[in-house]
Amino acid sequence: MEPEQPPLERKVVDLPSTQKVEVYPVELYLCQHSDMDNLLTAQFSRTDIIDTVLKEARRLFEVPPEEEMRLWVKNSDGSCERLRNVHMTVLDSCLSTGQTVIMESRNKDGTWPSAQPHAMRNSLDEDDTYRGQPGICGLTNLGNTCFMNSALQCLSNVPPLTEYFLNNRYLKELNFSNPLGMKGEIAEAYADIIKQMWSGHHYSVVPRMFKTKVGHFASQFLGYQQHDSQELLSFLLDGLHEDLNRVKKKEYIEQRDAEGRPDEEVAEEAWRNHKRRNDSIIVDIFHGLFKSTLVCPRCRKVSVTFDPFCYLSVPLPDSNKRAMEIFFVSMDPRMKPEQHRLIVPKEGKVLDLCIALSKHTGISPEHMMVADVFSHRFYKIYQMEESLSCILDRDDIFIYEISVGALEDEDGGGSEDIVLPIYLRERTQSRDYSDSYYGVTLFGHPLLVSVPREKISWDSLYQMLLHRLSRYVSQPDSDEEEESEDDDLSDKRTNGFSEGEEDESSHRAKSTCQDQEAGSEVEDNQSEESEHEVMSEPSNGEGVGETKIASCSGASACQQRTDGGSQRSNPPSPTIDSQPKRKCRVRRQRRKPLFTLQTVNSNGTSDRSAYQDDGNSVTFNSQPYIALDWDPEMKKLYYDDMEAERYVRNDSMSYMLKKNPVKLEKCIDLFTTVETLEEENPWYCPTCKKHQRATKKLDLWSLPEVLIIHLKRFSYTKFSREKLDTLVEFPIRDLDFSKYIIKPRTETDPTQYKYDLIAVSNHYGGLRDGHYTTFARNKDTGQWCYFDDSSVSAVSERQIESKAAYVLFYQRQDKICQPMQPPPQPCCHSTVTSADQDTDDVTSCSSISDDMTSCNSHDCKINTCQSSESMDVD
């Protein structure tokens, strides 16, 4: 070494399986994102962590410590990659001599320069000079993302969590190695949103990158379908917890039962074990502990455990009554269907529905039959003993009046009458435009008609159905639709109906003529077989095997008068051939029928044999379905579509099932009430060695600083789904949980468990669609605001309580910091961006109501989401 030459310090580094002197350190080029031409050189050991590189870059470029910075490394191909984990070493980060490391500084508005193109802003209405109240910032609806916006606004107004991110304390606690986490990406994406919303530089923020991150780690939130704000909230809290978990390596801990030990000992052990695996800001703020007690109904074994919780899902007291809307169809053809709203027991049976209708109509329940009509057919015909729980509110329920004999024997074996389901179908020509092949389309409302089980002719059935449809089906005049007696009628067996002006003497003459002609049946047998080949061709283009009714008609060609009616129908019997018919045709004229009859299956799509035909009458031996097939021209002339769809609203439709408001304390009482486990979720009893439907009771042991209460408005059972719109009365201040805490008071416990409301997630609408909004209290000003996607407006406390309240956020009073500044006058705004086309944004307090439109009217143009984080460099 030369005299006065400075010593060359080198480190001895631990490399995999060896130690060696690091003669040549890694030499990196450092620059700032705003000035990438100004490169400075710095040397680092391979064992230095990335945080050391960041500190050196701050020193070289004289960046103040309060500014948030992040590093990127520029690869040889010109692309840039985030150095996300600042605790990794230079060696593990694969940095080598000659690479460029770029330091990026967060903008004052909370965004990163590299996050989006410079020409793009969160709102087209914004300018660089805008200054607003931090936290009073909307979120753009990207398309059915109001549920996400509502959850984010609620969490944004949880003071301790927001301050944790605004003060950058999360940076030191990011957990990149947790296999249950998201490698810190969810926490960083959430931090970016919070910093933008609380910068005071935005009217609204576009949460596109956050939406992309959520969809990447939770596939159920991919796309732009509507979801539940509470479900997203649950995922987000769990994701933030795992990304910020201070426990880097979780140990396995077996949960022990109480086994007679004091509750204090068991609870302390459970909380200690929970903290050994779960220790994060989420646990500090949101986690509490409840006591779970299970009792076996057989051996009386008692199992006591203490379990942590992040939120309370409390049930709502449910009414034991239910309002159901139905249509009543009378046997009187002159009466239009009547719509009724009936109040029935929620756990009742179909018979209860008929009894309720009987009070409105005076018709005995024995004369009723209940059916679910869907797509012009009977989806289901209900028995009286079936439960009403299998009928959904959206189902179209029709109750038909029928003759008393139809219900004497539900099996149908011993009753004199049988109920025929009747479908209406319209013939359509097949695709090959053939004259003999047809398709059919169902239309109109189906009917239930009771007819004699035995010995009914097809002609009589035709007349009965024609009478039943007489309100909206007109009959042709005597000189309309007549067929000449000189026509060859062999291909019109389905249409041979006698003219209505003939008297009884002519009918007797025709009957005599028929008897004389019967002797020629054997002679003309060959002709009859040929005719039946023609009449048995399929009647639609789909080849479902339908047969025209003439091939199975049991009525005589010369029909007697039916009950003094002016119309007669006489489709000829298959046993009567065309020769005797020609002998009689000179004595009458024929009228073309309005429709023909077919036996079909329950879907109304194909024939089925459900009768016995003896030539003169038909006997039904099972439950048939009958279709009335209309030619398009006949339907157009004689079927009145408008009249067929008309109905009458009964006065009962104005009745609304009154739901009394309930207090939040009542919901909490239900949460702590003893309940019996369901059959699908039994408990395994260690004493009985089998699963048992044990009784379960939950008690609150300790409560967190911020308590989330989820009101279980959505009810799902095997047969039904409904939303409870009961008004829950919840206090804005002084919600006292002291009486619910069973833990003995200690010196470390809070003096009282009183909470104040800080945020509410609202849901307007029903199960199929809806819209989410938020009420929240600004932590700096104490002002309550209403967040409706990108629109924000000031509200008073009396407007917060509504039937839409879904998730409540309470903060313990001893943790609440009083606002340091008065709320500014122009504290709120309403803005709609190009990506947010809400048509009914709330711009004033008076516009907030329970009758919000569904989220479909709040949908926005879908923006292309970035699939990965990138950086623009020159």
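Observations on the structure shown:
- Annotation: amide H-H contacts under 5 Å for Gly782 (H modelled 1.01 Å from N, sequence separation of 5 or more, or interchain): none.
- Maximal additional length on extending the Glu680-Ser76 stretch stands at 211.6 nm, based on 0.36 nm per residue less the C-alpha distance.
- By accessible area with a 1.4 Å probe, ligands and nucleic acids excluded, highest first: order of Asp814, Asp651, Asp631: Asp651, Asp814, Asp631
- With the convex hull drawn around the C-alpha atoms of segment 57-208, the volume per residue stands at 159 Å³.
- For segment 1-72, radius of gyration divided by Kirkwood radius, i.e. Rg to Rh on alpha-carbons: 1.06
- The value of relative contact order for segment 11-105, using C-alpha pairs under 8 Å at least six residues apart, is 35 percent.
- Each residue was assigned an accessible area with a 1.4 Å probe, and for Thr695 the value is about 50 Å².
- Each of Pro64, Cys80, Gln32 was scored by the projection of its Cα onto the charge dipole of segment 11-105, and the greatest displacement toward the positive side belongs to Cys80; charges sit on the C-beta of Lys, Arg, Asp and Glu.
- Checked against a 26 Å cut-off, the cross-linked pairs Lys739/Lys815; Lys696/Lys743; Lys195/Lys712; Lys349/Lys697; Lys249/Lys754; Lys663/Lys697 give Cα-Cα distances beyond that limit for Lys195/Lys712; Lys349/Lys697; Lys249/Lys754.
- Lys336 accessible area, assembled protein chains, probe 1.4 Å, Å²: 80
- Modelled spin-label separation between Arg59 and Ile742, with each label point placed 7 Å from Cα along the Cα-to-Cβ direction: 5.9 nm.
- Since only Phe327, Leu289, Gly239 are under comparison, the one whose Cα sits farthest along the positive direction of the charge dipole of segment 231-340, derived from C-beta charges on Lys, Arg, Asp and Glu, is Phe327.
- Measuring with a 1.4 angstrom probe and ignoring ligands and nucleic acids, Ser96 comes out at about 60 Å² accessible.
- Sorting Cys390, Cys685 by solvent-accessible area of protein heavy atoms yields Cys390, Cys685, largest first, with a 1.4 Å probe.
- Inter-site label distance for Tyr29 and Asp257 at 7 Å from Cα along Cβ, in nm: 6.9
- Unit charges at the beta carbon, dipole of segment 131-244: most positive-side option, His201, Ser177, Leu222: His201
- Around the Cα centre of segment 11-105, unit charges on the Cβ atoms of Lys, Arg, Asp and Glu (plus for the first two, minus for the last two) sum to a dipole of about 300 debye.
- Tensor-based shape of segment 129-220 (alpha-carbon gyration tensor, a/c under 1.5 rounded, otherwise prolate or oblate): oblate
- Ordered from largest to smallest accessible area (heavy atoms of protein chains, 1.4 Å probe), the residues Trp271, Trp784, Trp683 come out as Trp271, Trp683, Trp784.
- Segment 47-105: radius of gyration over Cα atoms, expressed as a fraction of 2.2 N^0.38 Å: 1.08
- Kirkwood radius for segment 254-367, taken over all pairs of different Cα atoms as the inverse mean of 1/r, rounds to 19.7 Å.
- Three-way shape call for segment 354-407 based on the alpha-carbon gyration tensor, with the a/c threshold at 1.5: prolate
- Lys349 long-range amide H proximity, modeled H, under 5 Å: Leu388
- Compared with the alpha-carbon gap, the fully stretched path from His376 to Glu22 is longer by 119.0 nm at 0.36 nm per residue.
- Seen from Ile326, the other residues with C-beta closer than 10 Å to its C-beta sum to a net charge of -3, counting Lys and Arg as +1 and Asp and Glu as -1.
- For segment 131-244, the Cβ-based charge dipole about the Cα centre amounts to some 380 debye (Lys, Arg positive; Asp, Glu negative; other atoms uncharged).
- You can think of it this way: the chain between Lys346 and Gln429 has 25.1 nm of extra reach, that is 0.36 nm per residue less the Cα-Cα gap.
- Virtual spin-label span in nm between Ser387 and Gln220, 7 Å along Cα→Cβ: 2.5
- Pairwise centroid distance, computed over Cα atoms, of segment 623-644 with segment 751-793, Å: 55
The values are calculated or read from the model by the stated rules, or taken from the named source; none is laboratory data. Owing to the predicted nature of the structure, the values given are computational and were not obtained by experimental measurement. Every residue, glycine among them, receives a Cβ derived from its backbone with ideal geometry; neighbour counts consider all protein chains shown. What goes into the accessible areas is simple: the full protein's heavy atoms, side chains included, and nothing from ligands, DNA or RNA. Shrake-Rupley method; radii C 1.70, N 1.55, O 1.52, S 1.80 Å.
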